Amino acid sequence: MSDLGAPSSYLLLKPGVAVVASDDVHVGTVSRVLADPEIDIFDGIVVTTVDGERLVAGAQVHEIYDRGVELNIDAAAVAALSRPR
């Protein structure tokens, strides 16, 4: 895996940063963060992949870094995720 920087927070996560699956495959980039910062709830992210957007639940996010997100699911599981509404 490339260097994604220091651990960070969903509050600082910006669109366009890399998303890497647990099998070290770059699966896409962050499209948007799903959260309610006023009550400190992180629901997940929407990832733009080569096959369109995929909805990644917060429980499927292993770690958020300055320059990317590491998932706890592999690339095949990401491809099978649902599309956001």
Please verify whether the stretch 41-58 includes one or more residues that are within 19 Å of residue 6 (Cα to Cα), among the acidic types (Asp, Glu) and surrounded by fewer than 18 Cβ atoms within 10 Å (Cβ to Cβ).
no
Out of the stretch 26-44, which residues are out of contact with any Phe, Trp or Tyr (no Cβ under 8 Å at 6 or more places or on another chain), hydrophobic (A, V, I, L, M, F, W, C) and under 16 Å from residue 14 (Cα atoms)?
30
Output the residues belonging to the stretch 7-43 that are among the small types (Gly, Ala, Ser) and closer than 12 Å to residue 70 by Cα.
8, 18, 21, 22, 28
Residues (touching a residue at least 40 places away in the same chain (Cβ under 8 Å) and touching a Lys or Arg at 6+ places or on another chain (Cβ under 7 Å)) located in the stretch 35-85
78
Here is a check on your reading of the model: is residue 32 open to solvent by 80 Å² or more (accessible area, probe 1.4 Å), in contact (Cβ under 8 Å) with a residue 40 or more places away in the chain and of a type in the set (Lys, Arg)?
no
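The values are calculated or read from the model by the stated rules, or taken from the named source; none is laboratory data. As the structure is a computational prediction, the values presented were derived from the model and not from experiment. Using ideal geometry, Cβ is built from the backbone for each residue, glycine included, and neighbour counts are taken over all protein chains shown. With ligands, DNA and RNA removed, areas are computed over all heavy atoms of the protein, side chains included. Shrake-Rupley method; radii C 1.70, N 1.55, O 1.52, S 1.80 Å.
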